[in-house]
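Just below is one structure, and these are the notes that go with it.
The values are calculated or read from the model by the stated rules, or taken from the named source; none is laboratory data. Worth saying up front: this structure is predicted, and the values here are computed from it rather than measured. Cβ coordinates were reconstructed from backbone atoms using ideal geometry, including for glycine residues, and neighbour counts include every protein chain displayed. Note: accessible area is taken over every heavy atom of the protein model, side chains too, but ligands, DNA and RNA are not part of it. Shrake-Rupley method; radii C 1.70, N 1.55, O 1.52, S 1.80 Å.
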Amino acid sequence: MDSEDDMLDANDSADDDFYSGGEAGLGGSDDGDADYDFADHDSDDSAELLSHRQQQNYSILSEADIQQRQEDDINRVSTVLSISKSEACVLLRNYNWSVSKVHDEWFADEEHVRKVVGFLEKLIEMPNDRELTCGICFENCPRTSMSAAACGHPFCSACWRGYISTSINDGPGCLMLRCPDPSCTAAVGQDMINSLADDEDREKYGRYLRRSYIEDNRKTKWCPAPGCEYAVEFVMGSGSYDVNCNCSYGFCWNCTEEAHRPVDCATVSKWILKNSAESENMNWILANSKPCPKCKRPIEKNQGCMHITCTPPCKFEFCWLCLGPWSEHGERTGGFYACNRYEAARQEGAYDESERRREMAKNSLERYTHYYERWAANQSSRQKALGDLLSLQNDKLEKLSDIQSQPESQLKFIIEAWLQIVECRRVLKWTYAYGFYLPEHEHAKRQFFEYLQGEAESGLERLHQCAEKELQVYLEAESPSKDFNDFRTKLAGLTSVTRNYFENLVRALETGLNDVGPSTSHGTCSKSATSKSLGGKSKSGKSRASSTSSKTGGSSRGVDESNIWTCDQCTYANPRSARNCQACNNQHR
């Protein structure tokens, strides 16, 4: 059985292997494990991965786009089925705007479809009399002022307007409007709405129709951001569920919560529920208070002696330790700061269960607080970064362009860096929810996850500091700086390195760190990787690309340290033959 030091060293070896890639990457992986390479390289695999990342599997629809697509679908159905546009609209509305489903159902059983949606086989004309009786107000009106649906039931214009207006004001149910006659199921189409309703009702009906096109269609959803009027059409079964709307809000297509990779939707749902539920309040009360022996109201003691007096109207006086009446306490029981009765009962085990419950509640609360505070802190940092980005775009970029005598088009690398900071803050925030639900008994995965999370935080802080504090120097300069191009190279390099690390971190967590199993404690952790890495130092003080060996196998797991050099600017590990850093193009000294 390996010693504890051996196990720790083996885990460090596995960490280094994950971070930088090992020798297996040079000759290819035969075990089919997931590729967790955290590098920026030019292999065919990475090119394919980059193409996959950049593939956008959704399209953003404005109100004009929605209306155009809706009209196109209506025209298509109208042409194929040889029916009016108003009837085509009713058909599509009944079948959730699915053109293919309308065609399938219509050609399979036209008679059944007509019955379901309220289409009559033949148009029935109103009686050809000079005056007709309205079926609602029962007034006799000239035939010219009467209207009827395809069923021929006549109603006066005033009653039609009232009927339509009431239905529209009742909500989207007006889209399924039928003839006012109680015994009739004939559909009332948009053509009658447009001819009989007033302008306000027509506009409201049109909004309901556009909303139904998005809300009843499985392929489309509204952006959930407050006040946003864009919709999203999503291609199912391709890529991730992350969507970035034109309003700058990112959300998950599957659950419509904020974009939350690498955490799945079920975990996000549990986390949000936990943050809003009363369970943690009860844990806090259980861990930090005791109930009054008389009225059972929870009481928190944060200082002072053991003599407690409950608040009015109870006013019961008791001992904090044993919860007995204070009238039975005094010098003989230990005075104001001790209780002999409590100590004696405690030694007999009388308070074991109560203390155990309090301790469990306290530990649970402390663990939740640890993860929640860091989750909230990264959310706050992300909001601040968004504010800084907006300030940069609106004001500071133009100022920097004037000071450094460079066009704004050549300063886009700064915007890209801040966009990456915002995205990384979001990812880092959700890793804390991931960590909270990571099983306690999986020690190897937890240790590995915490190490990767720490590395991600360190890398992001380097990028954030460069984009914020170092940029400030050039904003405060009075003339063009000679080393501004060096700053450009450094910031662009850090942006690239951080992006690659976080993208691969997300991939690793989404697969559940499957390569880290029970065997990791013995120092074996197989991963497919390449020779290029992020560089830097591991917890054991070794270079991440340095040679590490398994305690059990003894084989080399990394690249020989003599064959790489680490960039002083962005910490990227480069092959010895490279003269410039392959991440930030910094020249090797």
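For a quick protection proxy, order the peptides 137-146, 495-504 by their average other-Cβ count within 10 Å, most packed first. Don't jump to the answer; show the numbers that get you there.
Working: 137-146: 13.2, 495-504: 21.9.
Per-residue mean Cβ counts within 10 Å order the peptides as 495-504, 137-146.
Place the peptides 414-425, 121-132 in order of packing, highest mean first, counting for every residue the other Cβ atoms within 10 Å and averaging per peptide.
In descending order of packing, they fall as 414-425, 121-132.
Ordered by residue, what ³J(HN,Hα) values in Hz, to whole numbers, does segment 122-139 give under the Karplus form 6.51 cos²θ - 1.76 cosθ + 1.60, where θ = phi - 60° and Gly and Pro are x?
Ordered by residue, 3J(HN,Hα) equals 10, 6, 9, 7, 5, x, 8, 9, 5, 10, 10, 8, 5, x, 10, 8, 6, 8 Hz.
Would you mind getting the accessible area per residue of segment 61-217, heavy atoms of the protein chains only, 1.4 Å probe, in Å²?
Here the residues of segment 61-217 average 54 Å² of exposed surface.
May I ask you to give the percent of accessible area on segment 61-217 that is carbon plus sulfur, with a probe radius of 1.4 Å?
45 percent
What is the spin-label model distance, in nm, from residue 272 to residue 472 if the labels are put 7 Å beyond Cα along the C-beta direction?
Label at residue 272, label at residue 472, 3.6 nm between them.
Here are some pairs, 270/429; 274/469; 270/294; 115/204; 469/490; which of them have Cα atoms lying more than 25 Å apart in this structure?
With Cα atoms farther than 25 Å apart: 274/469; 270/294; 115/204.
Could you derive backbone 3J(HN,Hα) for segment 488-503 from the dihedral phi with the Karplus parameters 6.51, -1.76 and 1.60 (θ = phi - 60°), listing whole Hz in sequence and x where the residue is Gly or Pro?
These are the phi-based 3J(HN,Hα) values: 4, 5, 5, 5, 5, x, 5, 4, 5, 5, 5, 4, 5, 5, 5, 5 Hz.
Please report, in Å, the Rg and the Dmax of segment 121-183, where both are computed over Cα atoms only.
Both quantities, over Cα of segment 121-183: 12.2, 36 Å.
Averaged across orientations, what area in nm² does the convex hull of the alpha carbons in segment 61-217 project?
In nm², the orientation-averaged hull projection of segment 61-217 is 9.5.
Give me, ordered by chain and number, the residues 5 or more places off residue 136 or on other chains with an amide H under 5 Å from its own placed amide H.
Long-range HN contacts for residue 136: 156.
Taking θ as phi - 60°, what are the ³J(HN,Hα) couplings along segment 398-405 by the Karplus curve (6.51, -1.76, 1.60), each to the nearest whole Hz, with x for Gly and Pro?
So the Karplus estimates, Gly and Pro as x, are 5, 5, 5, 4, 5, 5, 8, 6 Hz.
Once amide H atoms are built 1.01 Å from N in the peptide plane, which residues 5 or more positions from residue 146, or in another chain, come under 5 Å H to H?
Answer set, sorted by chain and number: none.
Calculate, axis by axis, the spread of Cα positions in segment 409-486 along the three principal axes, and write the results as whole Å, longest axis first.
Its Cα atoms span 59, 19, 16 Å along the three principal axes.
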